[in-house]
Amino acid sequence: MNEILLLLLPVVGVFAVGCSVALLALGKMIDRFPAGDESIRERSLASPIESTKIAVILFWALFMIGIWAVLQETRFGVILGITTLFAACLFMFTALVFSFAVLNTLRRKKSRIETPVVQVGTPVEDFTISQQ
């Protein structure tokens, strides 16, 4: 059983590295997305790039705690470690999905603003609905 867990840890680690890089890239893209008037924009810990950095640091802290717990050879430690690793991977997956949703919303909003409304045909005269 322990060998299977030791084999799965590098697989989860590769997933974690790829997701961390993708999340940081998405945070940078969202942060640099043109939002109109940039002079009134305030950059702080709540800005997208900073909050994604905090999320990645939190993920890696949970990941290391999970690995440490899995490597303990007690039943409680293995269960705690697997649960922590699973929760950290779900956290990362949720953060990625949320970042994709935010980026999609920003792109849709920008394309909606830039698309001019063109009236085709002649305007329809006012009409009223009569009751029978």
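The values are calculated or read from the model by the stated rules, or taken from the named source; none is laboratory data. Small disclaimer: the values here were computed from a predicted structure and weren't measured. Neighbour counts are summed over all protein chains in view; Cβ atoms, including those assigned to glycine, are modelled from backbone coordinates with ideal geometry.
Name the residue that is modelled with the lowest pLDDT, counting only residues in the range 20-40 that are surrounded by 10 or more Cβ atoms within 10 Å (Cβ to Cβ) and part of a loop (DSSP other than H, G, I, E, B).
Residues of the range 20-40 surrounded by 10 or more Cβ atoms within 10 Å (Cβ to Cβ): 20-33, 35.
From what is left, the residues that are part of a loop (DSSP other than H, G, I, E, B) are 33, 35.
Working: Phe33: 77, Ala35: 67.
That would be Ala35.
Before we move on, is Ala46 in contact with a helix residue (DSSP H, G or I) (Cβ under 9 Å, 6 or more places away or on another chain), among the hydrophobic types (A, V, I, L, M, F, W, C), in a loop (DSSP other than H, G, I, E, B) and modelled with pLDDT under 90? Full working, then the answer.
On the way: in contact with a helix residue (DSSP H, G or I) (Cβ under 9 Å, 6 or more places away or on another chain): no; among the hydrophobic types (A, V, I, L, M, F, W, C): yes; in a loop (DSSP other than H, G, I, E, B): yes; modelled with pLDDT under 90: yes.
When the stated conditions are applied, Ala46 does not pass them.
In this structure, does Thr74 turn out to be more than 18 Å from the chain's Cα centre (by Cα) and at pLDDT 90 or above?
On the way: more than 18 Å from the chain's Cα centre (by Cα): yes; at pLDDT 90 or above: no.
In short, no.
Only one of these is loosely packed, with under 14 Cβ neighbours inside 10 Å, modelled with pLDDT of 90 or more, of a type outside the set (Asp, Glu) and out of contact with any Asp or Glu (no Cβ under 8 Å at 6 or more places or on another chain): Thr115, Thr83. Name it.
Working: Thr115 fails: modelled with pLDDT of 90 or more.
Checking each option against the conditions leaves just Thr83.
Please work out which residue is nearest to the chain's Cα centre (by Cα), limiting yourself to the range 62-71 and to residues that are surrounded by fewer than 15 Cβ atoms within 10 Å (Cβ to Cβ) and within 18 Å of Asn2 (Cβ to Cβ).
We begin by selecting, within the range 62-71, every residue surrounded by fewer than 15 Cβ atoms within 10 Å (Cβ to Cβ); these are 64, 68, 71.
Still in the list and also within 18 Å of Asn2 (Cβ to Cβ): 68, 71.
Values: Trp68: 26, Leu71: 29 Å.
Result: Trp68.
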